[in-house]
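Asks: Sharing a structure below in structure tokens format, with a few things to ask.
Laboratory data are not the source of any read-out in this text; all were calculated from the coordinates shown. Quick caveat, the model's predicted, so the values are computed rather than measured. All Cβ positions, glycine included, derive from the backbone under ideal geometry; neighbour counts span all protein chains shown.
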Amino acid sequence: MPLEGELKHRLERALSVVDDHGTRGTRLLEDARRLCARIRRLIAGDFAAAFGKCDLIAGPAAPSVAYDLGAKKDDPVQMYLDDLYTIPINLAGLPGMSIPCGFGAKGRPVGLQIVGNYWDEARMLAAAHAFQQATDWHTKVPPGFE
């Protein structure tokens with residue numbers, strides 16, 4: 001069973017099966033916690049391999065530009081998916097930051113995510129500073145907010 005399927009299966013069991021005293025549910029939740037810790041280690045290992053080949057990782061901070069206030073309040077899954085690019089960094093415990101790098105649809109700001117290796121925040125901050133010295137995106141204001 002693929003890792004994602006195994007995780008889903010165990011979490012569903014943990015959340016749906018609890019005996020009268022809660023001991024079985026507690027045991028299943030502990031299994032789920034161990035599995036989540038294993039997945040976290042796998043993610044951290046992938047980042048460690050990447051940082052063996054590069055000093056920083058840069059990419060979009062989110063899969064889309066900001067949406068209208070309240071537009072997704074009834075769809076928490078969609079709101080969660082907007083964090084798709086930052087979640088792995090948080091799970092791995094890596095330093096990361098987002099800086100302005102332009103505007104997209106409807107003049108909404110776009111963020112550039114810069115991720116550094118463990119204990120290498122200075123390099124990440126220096127790269128962000130260099131980007132802001134070379135561009136003026138950090139001084140721009142979205143249309144309608146001037």
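Asks: Size of the dipole of segment 31-146 about the Cα centre, Lys and Arg at +1 and Asp and Glu at -1 on the beta carbon, nothing else charged, in debye to 20?
Replies: Magnitude of the dipole: close to 340 debye.
Asks: Using the Cα gyration tensor of segment 31-133, with a ≥ b ≥ c the square roots of its eigenvalues, what is the shape: rounded (a/c below 1.5), prolate (a/b larger than b/c) or oblate (neither)? Please report the intermediate quantities before stating the final value.
Replies: On the way: a/c = 2.96, a/b = 1.12, b/c = 2.64.
It comes out oblate by the Cα gyration axes.
Asks: As an exercise, use a Förster radius of 35 Å and the Cβ-Cβ distance of Gln78 and Arg33 to find the FRET efficiency, rounded to the nearest 0.05.
Replies: 0.85
Asks: Run the simple label-point estimate for Phe145 and Asn90 please: 7 Å along Cα→C-beta, distance reported in nm.
Replies: With each label point 7 Å from Cα toward Cβ, the separation is 2.0 nm.
Asks: Is segment 73-146 rounded, prolate or oblate when judged by the Cα gyration tensor, a ≥ b ≥ c being the square roots of its eigenvalues, rounded requiring a/c under 1.5 and prolate requiring a/b larger than b/c?
Replies: Cα axes put segment 73-146 in the oblate bin.
Asks: Counting other C-beta atoms within 10 Å, which of Val115, Val77, Val141, Val65 has the fewest, and how do the rest follow?
Replies: The most exposed by this proxy come first: Val77, Val141, Val65, Val115.
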